[in-house]
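See below for the structure under consideration.
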Amino acid sequence: MLQLNVQNETARLRAVVLGTAESNGPTPKVEDCYDPKSKQHVIAGTYPKEEDMISEMEAVANVFKKYDVQVFRPEVIKDYNQIFSRDIAFVIDDKLVKANILPDRNREYEAIQHVVSQVSPENVIELPEECHVEGGDVMPWNDYIFIGTYSGNDYSDYITARTNTDAVIALQELFPDKTVKAFELRKSNDDPKENALHLDCCFQPIGKDKAILHKNGFLVEKEYQWLVDFFGKENIFEISKDEMYNMNSNVFSISEDVIISERNFTRLNTWLREKGFTVEEVPYAEIAKQEGLLRCSTLPLIRD
């Protein structure tokens with residue numbers, strides 16, 4: 001059996017589900033895209049090729065091997081996008097919560113049943129149907145759970161709005177001893193530079209007390225300010241709109257000292273090294289075209 005344990009984003013990783021780009025399927029039609037960035041690349045004819053994405057994900061698998069992390073992969077479903085394993089479930093403490101995601105994507109969760117079946121059944125949680133949530137919006141941080149949400153009346157107009165108020169309430173009830181802190185995110189169906197698809201597209205804690213942050217991803221300035229005060233201005237790496245678009249906040253921590261990052265994130269990677277982090281650089285620019293990066297394609301199961 002798997003003894004799940006995830007208290008935060010940065011403790012030493014022991015086991016993870018890494019998505020797969022195998023049999024990713026043909027380039028989607030514009031009207032079938034779930035986010036504005038994929039749409040942009042389909043229109044431009046620059047949508048990523050399967051073989052490029054497979055080699056990018058292998059680079060990450062090799063880093064995990066180097067650090068002796070147990071890696072699970074989804075069962076491959078023919079012609080189906082299974083890269084973003086973070087969307088389909090998330091672990092907090094010893095609980096695995098199945099995400100209520102876009103209905104088209106339910107088969108992705110079925111493809112990790114060989115992992116879920118190793119978790120004791122009372123620790124596998126399915127939220128009520130009205131609770132919409134994806135793992136990219138949920139960040140355990142010790143005594144806190146940070147959640148990205150959108151509570152506007154026009155929620156249903158946004159295919160980019162993935163986590164609703166019902167889910168925030170449900171998670172507070174599920175983890176009564178933690179403080180659930182929700183952040184309203186900026187949403188756009190058409191402009192990827194004005195869209196924070198998930199909380200990890202504009203914010204991520206790193207190390208023990210630092211964070212990567214993008215102000216414009218937040219709809220409410222005082223919620224952004226709360227994070228600045230919580231981590232301290234000197235501990236924050238503020239990214240630009242272009243860096244947010246390229247997913248600079250979507251790196252992935254193997255431990256408090258080791259971060260996997262995209263090799264083109266020059267400004268960020270330099271800052272991380274100056275702050276004493278070991279940066280494992282990988283190519284991930286093709287996968288980034290689908291508005292997701294390293295955190296999106298990993299589902300941590302066990303951390304120290």
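Enumerate the lysines that Lys275 could reach by cross-link, defined here as Cα to Cα under 20 Å, with residues fewer than 8 away along the same chain left out.
Reachable lysines: Lys208, Lys210, Lys233.
Over all directions, how big on average is the projection of the convex hull of the alpha-carbon atoms in region 159-304, in square nanometres?
Working: hull surface 36.5 nm².
Mean projected area of the Cα convex hull: 9.1 nm².
Per-residue counts of other Cβ atoms within 10 Å, averaged by peptide: what ranking do you get for 232-239, 215-222, highest first?
Details: 232-239: 14.1, 215-222: 15.9.
In descending order of packing, they fall as 215-222, 232-239.
Relative contact order (percent) for region 132-279, with alpha-carbon contacts under 8 angstrom and 6 or more residues of separation? Spell out each step's value before the answer.
Details: 250 pairs, mean separation 25.7, N = 148.
For region 132-279, the relative contact order is 17 percent.
Residue-wise, which Karplus ³J(HN,Hα) couplings in Hz belong to region 10-26, taking 6.51 cos²θ - 1.76 cosθ + 1.60, θ = phi - 60°, and x for glycine or proline?
For region 10-26, the Karplus-derived couplings read 10, 5, 3, 7, 10, 8, 8, 9, 9, x, 9, 9, 5, 6, 6, x, x Hz, x marking Gly and Pro.
What figure in square angstrom, to the nearest 10, would you give for the accessible area of Lys241 with a 1.4 Å probe?
About 80 Å², ignoring ligands and nucleic acids.
Amide H of Arg14: which non-local residues (sequence gap of 5 or more, or other chain) have their own amide H closer than 5 Å, using H built in the peptide plane?
Ile302, Arg303, Asp304
Please report, in whole Å, how far the alpha carbons of region 64-160 spread along each principal axis, starting with the longest.
Here the spans come out as 45, 40, 29 Å, largest first.
Given region 1-133, what count of lysine pairs have C-alpha atoms under 26 Å apart, with each pair 8 or more places apart or on different chains?
Lysine pair count for region 1-133: 13.
Would you mind listing how long region 1-139 runs along its three principal axes, going by Cα atoms, in whole Å with the largest first?
Computed over the Cα atoms, the extents are 44, 41, 26 Å.
If you rank Val30, Val69 by how much accessible surface each has, with a 1.4 Å probe, what is the order from largest down? Let's see the in-between values first.
On the way: Val30 55, Val69 15 Å².
Per-residue accessible area, sorted high to low, gives Val30, Val69.
Long-range amide H contacts for Ala89: which residues qualify at under 5 Å (H placed 1.01 Å from N, peptide plane, sequence gap of 5 or more or a different chain)?
Sorted by chain and number, the residues that satisfy this are Ala99, Gly135.
Applying 1/(1 + (r/R0)^6) with R0 = 45 Å to the Cβ-Cβ distance of Lys95 and Ile43, what FRET efficiency is obtained, to the nearest 0.05?
Working: r = 40 Å, r/R0 = 0.90.
Taking R0 as 45 Å, the efficiency between Lys95 and Ile43 is 0.65.
Write out the GluC sites (Glu not before Pro) in region 90-152 meeting two conditions: DSSP loop, and at most 15 other Cβ atoms within 10 Å of their Cβ. Working shown, then result.
On the way: sites: Glu108, Glu110, Glu122, Glu126, Glu129, Glu130, Glu134; in loops: Glu129, Glu130, Glu134.
Here the GluC sites (Glu not before Pro) that fit, given the DSSP loop and packing criteria, are Glu129, Glu130.
In sequence order, what are the phi-derived ³J(HN,Hα) couplings for region 174-185 according to the Karplus relation 6.51 cos²θ - 1.76 cosθ + 1.60 with θ = phi - 60°, rounded to whole Hz, with x for glycine and proline?
6, 10, x, 8, 10, 8, 8, 10, 9, 10, 6, 9
Once you wrap a convex hull around the alpha carbon atoms of the chain, what is its projected area averaged over all directions, in nm²?
Working: hull surface 55.9 nm².
Across all orientations, the chain yields a mean hull projection of 14.0 nm².
Under a 5 Å amide H to amide H cut-off, with H placed in plane at 1.01 Å, what residues pair with Phe252 once short-range neighbours are removed?
Ile260
Give the percent of DSSP beta bridges with both residues in region 86-244 that are antiparallel, rounded to the nearest 5. Please list the in-between numbers first.
Details: 14 of 26 bridges.
Of those bridges, close to 55 percent are antiparallel.
For the chain, what's the relative contact order in percent, using C-alpha pairs closer than 8 Å and at least 6 residues apart?
Relative contact order of the chain: 26 percent.
How large is the accessible surface of Asp87 in square angstrom, using a 1.4 angstrom probe and rounding to the nearest 10?
Rounded to the nearest 10, the figure is 10 Å².
Would you please report the Å³ per residue occupied by the convex hull of the alpha carbon atoms in region 213-275? Write out the running numbers ahead of the final one.
Working: hull volume 5.7 nm³, N = 63.
Residue-normalised Cα hull volume stands at 90 Å³.
Using the Karplus equation 6.51 cos²θ - 1.76 cosθ + 1.60 (θ = phi - 60°), what ³J(HN,Hα) coupling, rounded to whole Hz, does each residue of region 263-279 give in order, writing x for Gly and Pro?
Those phi angles translate into 5, 8, 7, 4, 5, 5, 5, 5, 4, 4, 5, 4, 8, x, 7, 8, 10 Hz.
The values are calculated or read from the model by the stated rules, or taken from the named source; none is laboratory data. Nothing here was measured: the structure is a model prediction, and the numbers come from that model. When we count neighbours, we look across all protein chains shown, and the Cβ atoms used for this are built from the backbone with ideal geometry, even at glycine. Remember, those area values only see protein heavy atoms, side chains included, never the ligands or the DNA or RNA. Shrake-Rupley method; radii C 1.70, N 1.55, O 1.52, S 1.80 Å.
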